[in-house]
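Visitor: Before I ask anything, here is the structure I am working with.
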Amino acid sequence: MKRAILLLNMGGPSNRDEIKIFLTNMFNDKNILSMPSLIRKFVAFMIVKKRLPIATENYNHIGGKSPINDLTKRLVSKLQAKTSDTVDFVMNYTPPFPIDVLKKLQDEKVDEITLFSMYPQYSTTTTKSSLESIEEALKELNYTPKIKIIDRYFDNDLYNKAIIENIKKSLKDKNPADFALIFSAHGLPVKVIEKGDPYQKEIEANVEILKNMLKNELDFSSIHLAYQSKVGPMKWLEPSLEQKLKQLSEKNVIIYPIAFTIDNSETVFELDIELREFAEELGIHEYLVASCLNDSDLFSEMILEMI
């Protein structure tokens, strides 16, 4: 039996030409904008028209592309060196798209595919959307391999140990007691949660697990949860990261992006550039951003262990 592992993620532009593709596909996703398709198409067009110049400028600050693809390729290479299964990845809104990767596996006569979500906590806006894209591509290809799904792992011990290891790396030789730790999660509109999305509960449960583990590892002055990346006028999950930083002004702060496993524009631009400037204006003395798990040894070990 030929088997494969596919890592599923949102994606990000690999060049400036893909910025529009990324935004267009994201805002045409029915799990992101839940409205009739014709209305969604029009609303998506207007959002992309407004956001494209801003997004392009933001990506210019980080080299004109997202780091997500290159970092994922490094993780795939690390996993491939440790397993005989074929390892690859798909992105929901930018290449490599599910249809192209699955066609390749179909041609190679792969019989079984494990779909591994790169989102640690389940959400309809991320995990469900990615899984539906896979399902649609399989139908289009008339490809029927055995499918296994790993759709969340926020409570996995090795995953949380990997997070703590990354926080330690970011601190270096600094005293954790001198820092407030903020777990920053990507925000969601409250109405998505009210419809039954488990994301907020799983984020909060993840933070509680890490708080308990950190008692024996690192003694921070305080530990917090906040939400980033709010767009539009709707009510989103709170507190926002900006609100939380205001509460902690004139202190030292370290941020860990708990909802991401691979660094992307929300971590390298929003957290490490845009919000760093905001923190400095508030009088925060030292502002650290821990990297995502990326291709860390513990994270790759955890993926293979779960599979």
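The values are calculated or read from the model by the stated rules, or taken from the named source; none is laboratory data. Since the model is a prediction, treat every value here as computed from it, not as a measurement. So basically every Cβ, Gly included, is an ideal-geometry build from the backbone, and we count neighbours across all protein chains shown.
Visitor: For residue 184, all conditions in the list (1) more than 30 Å from residue 76 (Cβ to Cβ); (2) surrounded by 14 or more Cβ atoms within 10 Å (Cβ to Cβ); (3) touching a residue at least 40 places away in the same chain (Cβ under 8 Å); (4) in contact with a strand residue (DSSP E or B) (Cβ under 7 Å, 6 or more places away or on another chain) hold save one; what is the number of the exception?
Guide: Looking at each condition in turn, residue 184 falls short on (1).
Visitor: Collect the residues in the stretch 259-307 that are surrounded by fewer than 19 Cβ atoms within 10 Å (Cβ to Cβ), within 24 Å of residue 90 (Cβ to Cβ) and touching a strand residue (DSSP E or B) at 6+ places or on another chain (Cβ under 8 Å), keeping them in residue-number order.
Guide: Within the stretch 259-307, 306, 307 meet the criteria.
Visitor: Mind listing just one residue for me: the one in the stretch 216-240 that is over 14 Å from residue 192 (Cα atoms) and of a type in the set (Asp, Glu) and, of those, modelled with the highest pLDDT?
Guide: This residue is 219.
Visitor: Under the condition of being of a type in the set (Lys, Arg) and in contact (Cβ under 8 Å) with a residue 40 or more places away in the chain, which residue from the stretch 71-102 is farthest from residue 32 (Cα to Cα)?
Guide: Here the residue is 82.
Visitor: Then there is this: Can you find even one residue in the stretch 78-98 that is assigned by TED's automatic domain parsing to the domain that holds residue 148, under 17 Å from residue 135 (Cβ atoms) and hydroxyl-bearing (Ser, Thr, Tyr)?
Guide: Yes, some residue in the stretch 78-98 is assigned by TED's automatic domain parsing to the domain that holds residue 148, under 17 Å from residue 135 (Cβ atoms) and hydroxyl-bearing (Ser, Thr, Tyr).
Visitor: Being crowded, with 21+ Cβ neighbours inside 10 Å and not in a helix (DSSP H, G or I) is the filter here, so list the residues in the stretch 116-143 that pass it.
Guide: The answer is 116, 117, 118, 119, 120, 121, 123.
Visitor: Counting only residues that are touching a Gly at 6+ places or on another chain (Cβ under 7 Å) and part of a loop (DSSP other than H, G, I, E, B), which one in the stretch 246-267 is nearest to residue 117 (Cα to Cα)?
Guide: 264
Visitor: Let me ask you something else. Regarding residue 217, is this residue under 24 Å from residue 294 (Cβ atoms), acidic (Asp, Glu) and buried (at least 17 other Cβ atoms within 10 Å of the Cβ)?
Guide: no
Visitor: Go through 132, 140, 165, 136 for me and flag whichever is under 23 Å from residue 270 (Cα atoms) and among the acidic types (Asp, Glu).
Guide: Of 132, 140, 165, 136, the one residue that is under 23 Å from residue 270 (Cα atoms) and among the acidic types (Asp, Glu) is 165.
Visitor: Filter the stretch 78-115 down to the residues that are surrounded by fewer than 19 Cβ atoms within 10 Å (Cβ to Cβ), of a type in the set (Ser, Thr, Tyr) and assigned to a strand (DSSP E or B) and list them by number.
Guide: 86 - this is the single residue of the stretch 78-115 that is surrounded by fewer than 19 Cβ atoms within 10 Å (Cβ to Cβ), of a type in the set (Ser, Thr, Tyr) and assigned to a strand (DSSP E or B).
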